[in-house]
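The values are calculated or read from the model by the stated rules, or taken from the named source; none is laboratory data. All figures in this text were calculated on a predicted structure; none of them were measured in a lab. So basically every Cβ, Gly included, is an ideal-geometry build from the backbone, and we count neighbours across all protein chains shown. Side chains are part of the model used for accessible areas, which takes the heavy atoms of the whole protein and leaves out ligands, DNA and RNA. Shrake-Rupley method; radii C 1.70, N 1.55, O 1.52, S 1.80 Å.
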Amino acid sequence: MNRFDFCVPTDIRFGEGQVECLAKEIEKYGKRVLMVYGGGSIKKIGLYDKIYEVLKDFEIYELPGIEPNPRLTSVEKGARICKDKNIDVVLAVGGGSTIDASKHIACAAYYDGDAWDMVLDRSLVTKALPIFTVLTICATGSEMNPGAVISNEETKEKLEISSPLLYPTLSVCDPTYLYSLPLVQTAAGTADIVSHIFEQYFQPNDGAYITDRLSEAALATCFKYGPVALSEPDNYEARSNLMWTSSIALNHLFTVGKGGAWSVHPIEHELSAFYDITHGVGLAILTPKWMRYVLSDKTVKRFAMFARNVFNVNEADDYKAANCGIDKVEEFFVELGLPKTLTELGIDDRDFAKMASEAVRTSGLATRSYVKLNEKDVENIYKMCL
Ligand code: NZQ
Ligand code: ZN
């Protein structure tokens with residue numbers, strides 16, 4: 001097992017009704033709150049009114065309208081409010097997009113230059129306002145990690161900003177908020193969780209046995225409860241298991257003792273940067289193709305192990321077991337109702353070369369990923385998705 005540091009400072013308040021804790025906890029940092037949210041789902045489920053009821057003694061300013069694939073322009077608006085109104089706390093109410101925008105706002109509030117500078121040079125993140133979150137979709141794990149993914153619509157870049165200063169101080173995870181999710185968001189969110197686990201599982205493992213077994217349990221949880229959440233949206237057991245899995249899937253627990261750069265995420269981020277598609281939908285299309293592309297004598301043992309341990313595939317031959325596991329992953333995404341091809345989304349090959357070059361340039365794909373991929377490889381994977 002490799003040497004590692006593990007420190008997750010986020011206070012998680014999990015379960016129905018936990019939103020009530022916000023007044024007491026936010027008060028420790030001040031009374032002036034910037035509430036950040038998306039296109040209005042929190043109003044439909046009564047959460048907006050609930051926040052006002054809980055924070056009745058606070059001075060609340062609002063930044064609504066955070067886009068899925070949150071944009072730099074929204075971050076700039078939020079940072080301006082923080083500076084003008086002397087905000088004490090940023091409160092994100094929503095999903096990964098809202099939380100990510102809030103994280104960037106929290107540090108941009110202390111920066112006088114262009115907020116995009118901080119994405120390109122993380123050393124500029126030197127201070128951040130405390131970030132509180134109320135999670136309404138489980139997918140990204142942003143509620144318990146230090147990363148935020150921001151889109152620059154001008155340059156068509158979608159890049160991550162990350163700093164230990166951006167861990168949320170406290171996150172409320174109430175599974176009942178997930179009941180109202182549109183089916184496609186439940187499905188895409190589940191695909192995102194699964195992909196986060198894969199990105200860490202499909203890495204060389206020098207003896208981190210525990211990390212692989214935990215990852216397999218988390219994958220099995222998604223495969224069991226994803227379809228249940230779709231057919232019974234208000235099934236608390238399914239929603240709560242998926243919600244907790246999403247948080248631990250990307251708080252670095254599944255990287256402990258291992259390492260390496262991610263593969264499918266940088267390839268997908270170009271798709272959502274160029275075509276503004278839902279992140280989890282892109283991942284569901286790409287993942288089985290990536291798996292088939294990188295399957296080789298070098299990787300077959302790990303793919304076979306995955307198939308046997310997670311899907312109980314009873315196949316002695318490693319290649320047969322591995323392929324059976326990949327088939328099952330593909331079937332799972334189809335069962336969730338997600339598309340299998342980019343063609344179904346109206347995407348053709350015109351931008352593939354550009355996207356492949358950006359994916360390689362902005363990530364560790366060619367240098368540190370499980371199977372190193374150059375621009376041609378990435379382009380081939382996009383083509384397999386047509
Ligand atoms: O905007 P509203 O009206 O709230 O609607 C949202 C949005 O349309 C809706 N929604 C959320 N909760 C709902 C709901 N609708 C009904 N009932 C509810 N309870 O769902 C839609 C998607 O929301 P969004 O926040 O975009 O989803 P998600 O959590 O999947 O976030 C995706 C973003 O996070 C990034 C992705 O790239 C993408 O930009 N990621 C962030 C990561 C991180 N910070 O660690 C890692 C991930 O790999 C990912 O890249
Ligand atoms: Zn993701």
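Values computed for the structure shown
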| quantity | calculated |
| --- | --- |
| Output for segment 220-254, where each listed residue is within 15 Å of the chain's Cα centre (by Cα) and outside any loop (DSSP other than H, G, I, E, B) | Cys222, Leu242, Met243, Trp244, Thr245, Ser246, Ser247, Ile248, Ala249, Leu253, Phe254 |
| Segment 194-220 residues that are acidic (Asp, Glu), paired with ones that are modelled with pLDDT under 95 (beta carbon under 8 Å, 6 or more apart) | Asp206/Met1; Asp206/Asn2; Asp206/Gly257; Asp206/Lys258; Asp212/Asn205 |
| Positions within segment 273-304 being of a type in the set (D, E, K, R) and either within 16 Å of ligand 1 (Cβ to nearest atom) or in contact (Cβ under 8 Å) with a residue 60 or more places away in the chain (or both), in sequence order | Asp276, Lys289, Arg292, Lys298, Arg302 |
| Odd one out for Cys107, checked against (1) open to solvent by less than 10 Å² (accessible area, probe 1.4 Å); (2) within 16 Å of ligand 2 (Cβ to nearest atom) | (2) |
| Which numbered condition Gly364 misses (of (1) under 19 Å from Asn205 (Cβ atoms); (2) more than 22 Å from the chain's Cα centre (by Cα); (3) surrounded by fewer than 22 Cβ atoms within 10 Å (Cβ to Cβ)) | (2) |
| The one condition in (1) under 23 Å from Gly280 (Cβ atoms); (2) part of a loop (DSSP other than H, G, I, E, B); (3) open to solvent by 30 Å² or more (accessible area, probe 1.4 Å) that Gly113 fails to fulfil | (1) |
| Cross-chain or 6+ apart pairs with Cβ under 7 Å, segment 39-53 first and in contact (Cβ under 8 Å) with a residue 60 or more places away in the chain, then β-branched (Val, Ile, Thr) and loosely packed, with under 12 Cβ neighbours inside 10 Å | none |
| Cβ-Cβ under 8 Å pairs, at least 6 apart or on other chains, segment 255-272 side over 16 Å from Cys385 (Cα atoms), far side near ligand 2 (Cβ under 10 Å from one of its atoms) and part of a helix (DSSP H, G or I) | Trp262/Glu199 |
| Residues (closer than 16 Å to Ser296 by Cβ and part of a helix (DSSP H, G or I)) located in segment 306-337 | Phe306, Ala307, Asp318, Tyr319, Lys320, Ala321, Ala322, Asn323, Gly325, Ile326 |
| Among (1) in contact with a helix residue (DSSP H, G or I) (Cβ under 6 Å, 6 or more places away or on another chain); (2) in a helix (DSSP H, G or I); (3) away from ligand 2 (no atom under 14 Å from the Cβ) - the single one Ile210 does not satisfy | (1) |
| Selection count where residues are away from ligand 2 (no atom under 12 Å from the Cβ) and either assigned to a helix (DSSP H, G or I) or out of contact with any Leu (no Cβ under 7 Å at 6 or more places or on another chain) (or both), scope segment 256-270 | 6 |
| Which listed residue, of Lys24, Lys56, is outside any loop (DSSP other than H, G, I, E, B), at pLDDT 95 or above and open to solvent by 20 Å² or more (accessible area, probe 1.4 Å) | Lys24 |
